[in-house]
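Structure first, then comments.
The values are calculated or read from the model by the stated rules, or taken from the named source; none is laboratory data. This is a predicted model, so every value here is computed, not measured. No Cβ is skipped: glycine too gets one built from the backbone with ideal geometry, and neighbour counts run over all protein chains shown. Quick note on the areas: whole protein, heavy atoms, side chains included, nothing else; ligands and nucleic acids left out. Shrake-Rupley method; radii C 1.70, N 1.55, O 1.52, S 1.80 Å.
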Amino acid sequence: MSAARVAASRSLPLFEKYGGMSVLRGVIMDFYDRALDSDLVGPFFEQVDMARLIDHQTKFMAMLLGGPASFAEERLARAHAHLGVTHAHFDEIAALISATLADSGFSDEDRRAVLAAVEARRPLIVG
Ligand code: HEM
């Protein structure tokens, strides 16, 4: 790759670097397969409309990656307010996101950046 292309790819938002909306949607579907398989967090999703949840989570992640989407913090808090999510649940979901991103080809640096943005939302989700 030429120096110019390397420089250009470094300045791309992660959203474009990792393939945009349809690729991201596949990553999110992979993540929810893992979440449903988890004894700790799987039961939370049993009664949930997963197609709708995948849409919303894809939008949320697209925003975190610098893509063309927005997802209000208030909405994130409202969605989890009555679920009784503990720190252990949050840690499990964060670990599943991390493993999914690693298996989807995210570099360690980019994976850590996404996880830091997820971690910053912990107070909105646990409670
Ligand atoms: C770790 C960071 C987390 C992020 C970034 C996240 C993100 C989201 C998003 C974007 C939605 C969709 C909200 C909407 O429809 O408006 C959602 C819904 C949901 N989340 Fe999370 N979540 C996280 C952690 C958790 C944890 C730890 C649990 C439980 C173990 C959980 C359980 C759920 C459930 C059950 C819904 C569906 C609620 C419904 O449709 O009524 N989430 N989450």
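Here's the yes/no breakdown for (1) farther than 19 Å from V114 by Cβ; (2) among the aliphatic types (A, V, I, L, M); (3) modelled with pLDDT of 95 or more:
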site	(1), (2), (3)
R25	no, no, yes
A35	no, yes, yes
F44	yes, no, yes
V48	yes, yes, yes
Q57	no, no, yes
M61	no, yes, yes
A77	yes, yes, yes
A88	yes, yes, yes
E92	no, no, yes
Segment 89-110, subset surrounded by 12 or more Cβ atoms within 10 Å (Cβ to Cβ) and free of Cβ contacts under 8 Å to residues at least 12 places away in the same chain, residue farthest from the chain's Cα centre (by Cα):
S107
Starting from segment 52-75, keep only residues that are of a type in the set (D, E), then list their pairs with residues that are part of a helix (DSSP H, G or I) and surrounded by 16 or more Cβ atoms within 10 Å (Cβ to Cβ) whose Cβ atoms are within a distance under 7 Å, requiring at least 6 positions of separation or different chains.
E73/L124
Checking P123 against (1) more than 14 Å from F15 (Cβ to Cβ); (2) surrounded by 13 or more Cβ atoms within 10 Å (Cβ to Cβ): exactly one of these is not met. Which one?
(2)
Members of segment 68-88 that are open to solvent by less than 30 Å² (accessible area, probe 1.4 Å) and either within 8 Å of the ligand (Cβ to nearest atom) or closer than 19 Å to F31 by Cα (or both)
F71, L76, V85
Are any of the residues in segment 74-92 closer than 16 Å to F15 by Cα and in contact with a Lys or Arg (Cβ under 8 Å, 6 or more places away or on another chain)?
no
